[in-house]
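Structure first, commentary second.
Rule-based calculations on the coordinates, nothing more; no lab input. A quick note: this is a predicted structure, and the numbers were derived from the prediction, not measured. Positions of Cβ are generated from backbone atoms using ideal geometry, with glycine treated the same way; all protein chains shown enter the neighbour counts.
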Amino acid sequence: MGQQSVSDLEEVLTTLREEVDRAEELQAIDDPPEKPYSSKYKAREILKSVLDKVRTLDVISKQEITVHLLVELGSVDRKVEELVDSQKNLGEAVEAAKGREAEPEFVWAMLKALNQVWCSHITSSLVE
């Protein structure tokens with residue numbers, strides 16, 4: 001996406017926000033037993049697409065957006081029992097926020113990431 005004007009950037013961010021909202025709506029769906037996780041896999045693909053787009057942005061908030069998207073993606077991965085991917089994405093989120101974890105923009109994302117890591121650990125230890 002490269003360098004954008006303010007109006008172009010606002011339009012891009014609005015579109016990305018709508019995509020993230022759609023992914024959140026999909027995560028809330030209770031899928032039928034014959035298609036478990038169907039909506040969550042769709043949400044996961046949307047979040048991956050948004051993350052790829054954000055990584056190409058030339059804006060100051062790129063780090064913050066990336067961290068939040070990685071946490072959301074890790075959360076969806078855990079919900080669909082993709083624990084390796086969950087750990088990878090949550091670890092990337094923590095690494096991407098290194099040095100800024102206590103800043104207000106990052107605190108919630110870090111708490112959510114650590115909670116998801118803990119949930120994944122508990123889930124994996126119950127399976128063993």
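Take the chain, connect every pair of alpha-carbon atoms lying under 10 Å apart with a spring to form a Gaussian network, then pick out the residue of S75, S61, S39 with the largest mean-square fluctuation.
S61
Return the lysines within reach of K42: Cα separation strictly under 27 angstrom, same-chain partners fewer than 8 residues apart disregarded; answer none if there are no such residues.
Candidates past the 8-residue exclusion: K53, K62, K79, K88, K112.
Give me the distance in nm between label points sitting 7 Å out from Cα along the Cα-to-Cβ direction at E81 and T56, one decimal.
Spacing of the two 7 Å Cα→Cβ label points: 3.5 nm.
Rounded to the nearest 500, what is the 222 nm mean residue ellipticity of the chain from helices alone, with -39500 (n - 2.57) per DSSP H run of 4+ residues and division by all residues?
-25500 deg cm²/dmol
With a cut-off of 8 Å between alpha carbons and a minimum separation of six or more residues, what is the relative contact order of the chain in percent?
After rounding, I find 21 percent.
Just name one of S86, Q63, I29: the one whose Cα is farthest towards the positive end of the charge dipole of region 6-127 (beta-carbon charges, Lys/Arg +1, Asp/Glu -1).
Selected residue: S86.
Taking 0.36 nm per residue of separation and subtracting the Cα-Cα distance, what length does fully extending E10 through W118 add? Walk me through the numbers on the way to the answer.
Working: separation 108, 0.36 × 108 = 38.88 nm, distance 3.56 nm.
Gain on stretching E10 to W118: 35.3 nm.
Placing unit charges on C-beta atoms (Lys and Arg positive, Asp and Glu negative, everything else neutral), compute the dipole magnitude of the chain about its Cα centre in debye, rounded to 20.
About 240 debye.
Pull out the extension gain between E34 and R22, defined as 0.36 nm times the separation in residues minus the alpha carbon to alpha carbon distance; nm, one decimal.
Length gained, E34 through R22: 2.1 nm.
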